[in-house]
1. What fraction of the DSSP beta bridges in region A:5-135 is antiparallel, stated in percent and rounded to the nearest 5?
2. Using only the Cα atoms of chain A, build the gyration tensor, take square roots of its eigenvalues as a ≥ b ≥ c, and label the shape rounded, prolate or oblate: rounded if a/c is under 1.5, else prolate if a/b is larger than b/c, else oblate.
3. Count, for each residue of B:24-34, the Cβ atoms from other chains sitting within 10 Å of its Cβ, then give me the mean as a whole number.
4. For the cross-link pairs A:58/A:81; A:41/A:113; B:323/B:377, which exceed 21 Å when the distance is taken from alpha carbon to alpha carbon?
5. May I ask for the net charge around residue B:24, where only other residues with Cβ less than 14 Å from the Cβ of residue B:24 are counted and Lys, Arg are +1 while Asp, Glu are -1?
6. Counting only other chains, what is the mean number of Cβ atoms within 10 angstrom of the Cβ of each residue in peptide A:71-82?
7. If I fit a long axis through the Cα atoms of helix A:73-82 and take the longest principal axis of the Cα atoms of chain A, what angle between them do I get, 0 to 90°, rounded to 10?
8. Return the single residue from A:73, A:54, A:43 with maximal mean-square fluctuation; model: Gaussian network over chain A, springs between Cα atoms under 10 Å.
Amino acid sequence: MMAGKEMKGRVIYFPPELEEVEGEAIVSRTPLSFYGGIDAKSGIVIERGHELEGKNVKDRILVFPNGKGSTVGSYVIYGLKKNGFAPKAIINKETETIVATGAILAGIPCVDKIDTEEIREGQRIKVMKDGTVYSTR
Amino acid sequence: MYLGPDDEKIFNGEEGEIREKMIKLLVNLGEIYGADKLIPIGSAQVSGISYKSIGDPGMEFLEDVADKGAKVRVLTYINPAGMDLENWRELGFSEDFAVHQMRIIDAFRRMGMVITATCTPYLSGNVPRFREHVAWAESSAISFINSVIGARTNREGGPSALAASIIGKTPNYGLHLEENRRAEVVVDVERELKESDWGALGYLVGKMVKNKIPYFRGIKNARVDELKALGAAMAASGAVALYHVEGITPEAHLQSIDGLERITVTDSDLEKAYETLNTGKEPDIVIFGCPHASIEEINTVAKAVEGKRLKKPLWICTSRAMKEVANRMGYTQTIEKAGGKIVADTCMVVSPIEELGFKTTAVNSGKAACYLPGFCKQNVVFKSVDELIGMVVE
């Protein structure tokens with residue numbers, strides 16, 4: 001087990017074939033829009049002026065408080081997965097339907113009810129099948 | 001959430017990957033919203049059809065679903081597309097847009113959806129009965145069937161309505177449950193409403209009540225077209241999915257309104273709504289049919305332009321089915337002779353009208369007046385049919 005913090009979340013989706021996923025956190029303190037916000041063909045955040053602008057979500061543990069914007073965002077999450085640029089997992093304070101729908105369709109682990117303020121950029125994060133999130137110090 | 005044996009099979013992947021994914025979407029959404037089970041639906045209606053709205057990500061997703069052999073289990077209609085599926089070239093849509101739009105339409109057709117491309121399915125062959133559970137996604141149609149017919153649907157999104165259509169079920173929560181259909185705000189209307197007033201009232205009330213259920217008093221009579229306009233505007237400026245009108249809608253008499261918050265809408269409130277919505281002066285184009293025009297609404301415009309000559313383009317948006325009837329009745333010919341057009345399968349909100357060179361659009365719809373500035377970068381002129389036609393005849 002990793003040393004550090006343990007947080008218990010609610011599982012929105014976890015692929016049945018996986019037990020856990022682990023990766024490096026990419027963290028947004030502000031809500032994220034997938035449609036017009038992230039390029040499904042590269043994984044790069046393209047929303048002008050967004051704190052993550054220019055960064056890539058591929059293979060990271062994507063942490064943000066909640067989704068915003070168009071419902072087409074669900075399709076962008078699906079597109080990220082299909083094109084090979086998806087994050088390894090999504091962690092939210094509150095997962096609304098746009099992100100939930102996208103995560104389920106794409107098959108990306110997604111956990112909410114986590115205090116995202118407690119996670120820092122670049123931290124090593126482990127997300128378990130039961131919704132437990134471990135972070136390193 | 002309880003799953004029956006048939007649901008379990010789908011959930012465990014015994015009916016293939018795509019049905020598994022779709023039922024998981026329904027179950028997960030159901031769990032988020034506290035549903036106890038999945039319930040069978042009588043029909044579905046899917047949104048997110050226009051290439052302008054869903055772009056490449058949506059198109060590729062839908063093609064994937066169709067490629068994997070997904071088929072609808074219940075009668076399913078689709079929302080308006082981004083262009084007239086037959087006369088797009090003549091109306092000025094680009095070849096590139098058309099190619100992508102047709103790929104989306106083809107994906108829906110392969111799934112077995114009815115390619116009506118209308119926001120008023122209830123005017124052309126998809127009508128739920130009183131208390132029937134359905135899963136619809138077009139906000140104005142949701143409002144209409146919940147309120148005017150008394151059918152039961154939540155405000156579905158494109159993917160959740162698609163999943164409901166493919167599974168034939170929807171999670172049992174929200175407006176599917178009797179206790180969530182109760183009036184929450186009383187709205188006293190002090191003006192006798194005419195024509196575009198219905199849209200203005202809807203715009204105003206939607207803004208005030210947001211996603212609550214209003215109960216209207218003071219409305220003595222209402223035609224179906226008028227209720228269609230009222231509900232559409234409330235669903236656009238707010239997120240109203242159900243409303244009751246005393247003495248008119250089927251669940252109004254079941255409501256207890258004692259102790260509810262009260263709002264009064266006066267003449268001057270409505271005048272202010274017109275002032276807010278009128279952001280433009282001289283229209284570049286006049287567009288009717290938001291939601292899609294009924295045959296009676298088409299006839300009204302035909303009568304108003306008969307024997308006249310229009311100096312600006314005029315479109316009436318409607319379903320292909322209504323256009324066929326308008327052709328047969330000679331309404332189309334009358335409107336074309338004056339210089340207007342009947343445009344089928346699409347509407348001004350989801351088509352790229354800003355790319356066709358229009359900057360100010362005139363409408364008689366509260367919903368369109370609410371959406372056009374944001375979705376299509378348009379200035380808006382919002383008035384009644386007669387007033388608008390008066391502005392553009394030679």
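Just so you know, all these numbers are worked out from the coordinates, no wet-lab data involved. Note that the structure is predicted; figures quoted are calculated from it, not measured. FYI the Cβ positions are ideal-geometry reconstructions off the backbone, even for glycines, and counts take in every protein chain you see.
1. Details: 17 of 28 bridges.
That works out to approximately 60 percent antiparallel.
2. On the way: a/c = 1.60, a/b = 1.34, b/c = 1.20.
In terms of gyration-tensor shape, prolate.
3. Values: counts 5, 8, 1, 1, 10, 5, 0, 4, 7, 1, 0.
The shielding value for this peptide is 4.
4. Working: A:58/A:81 9 Å; A:41/A:113 29 Å; B:323/B:377 28 Å.
Beyond 21 Å between Cα atoms: A:41/A:113; B:323/B:377.
5. Working: positive: B:9, B:19, B:21, B:169; negative: A:17, B:7, B:8, B:14, B:15, B:17, B:20, B:31.
Result for the local shell: -4.
6. Numbers: counts 10, 10, 1, 10, 12, 6, 2, 8, 8, 1, 0, 4.
Average neighbour count from other chains, rounded to a whole number: 6.
7. 70 degrees
8. So, out of A:73, A:54, A:43, the one fluctuating most is A:54.
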